[in-house]
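Data block below; observations after.
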Amino acid sequence: IFETADGQRTALYAQGNSIFSCRLPFLKGMTPKELRTDYLAHLDAVLFRDAVCFVYENLEHQAVIDSLGGSPARILLADIPDGYRFESLQLTVRENGLYLFYQICGKGEKAGLYVCMPYRENVWGTVFEGPEGSWRAETVRTKEGERLLCLDRRTGRLRLYDWTGEADFTERPMMEEAEHRRRTEALEAVWREEKAGWQREQAAWQEKLT
C-alpha cells in the first residue's frame, strides 16, 4: 500500500498471472484495475518521485519495470540462458535514483547479487558473486556514510558493504567479525612482544656464558 503526496492511497498486488491496483478505501461498486496479464513471480514496488514503480518477472522470464500513470513498461533484463532463473528482484530508492537489485542463478550454481538503475542506461554493478542464498538488500545510513546491508532470507546470514558512487560496493566486516579480528590481532601483538622478550633474555644469557 502506497500513499502519494496528494494523500491518495493505492494497493498493488498479484493474483494468478495478473497484477492489479486499486484505490483505498475500497468502496462498494469499485473494481480493481488489471495492469498486467503476464505476471510470473517476484513482484516488488516502491514509491519513487511520487509515483508507484513496480518490477516483476514475466511469463517469458524477463524482468519488467512499470509504474502507475507514469512511464511505459520496459524490459530491463532478458535473454537469460536456458536453465537459469531469477532468484529475486528488489527495487530500492537511494537519494534521487531508483535501483534494481537482482539475482540470477543456474541449477546447482551459486547466486550473486547485482544492481542496475532502471532509468539510467549505463549503470550496472555487482555487489558480490558466489555465496548461495536468497538475498535482500537494505540501505543503512551511518556516521561513516551510506551502506548496504544484505540479508540471506534462508539462513539469516548478513553481509555489509560500503555503497559509494552509483554502483560501487566494498565489503566491510560485520561487528562480530570485526571484534573477533581485533581480539585476534591483540593476542598476536602480545605473543610477538612476549617472544621478543624471551629472545632478548636468551641473547643476554648467551652473552653471559661467552
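Couple of notes before you dig in:
- Positions within segment 100-115 being at pLDDT 90 or above and either open to solvent by 10 Å² or more (accessible area, probe 1.4 Å) or in a loop (DSSP other than H, G, I, E, B) (or both), in sequence order: 102, 114
- Those strands (runs of 3 or more DSSP E) of segment 43-90 in which at least 2 residues are crowded, with 19+ Cβ neighbours inside 10 Å, considering only elements entirely within it, cover 51-58, 63-67.
- Residue that is open to solvent by 30 Å² or more (accessible area, probe 1.4 Å), assigned to a strand (DSSP E or B), at pLDDT 85 or above and under 30 Å from residue 73 (Cβ atoms), where the choices are 159, 136, 120: 136
- Only a single item in (1) touching a Pro at 6+ places or on another chain (Cβ under 7 Å); (2) more than 17 Å from residue 117 (Cβ to Cβ) is not met by residue 61, and it is number (1).
The values are calculated or read from the model by the stated rules, or taken from the named source; none is laboratory data. Because the structure is a prediction, the values reported are computed rather than measured. Cβ coordinates were reconstructed from backbone atoms using ideal geometry, including for glycine residues, and neighbour counts include every protein chain displayed. Note: accessible area is taken over every heavy atom of the protein model, side chains too, but ligands, DNA and RNA are not part of it. Shrake-Rupley method; radii C 1.70, N 1.55, O 1.52, S 1.80 Å.
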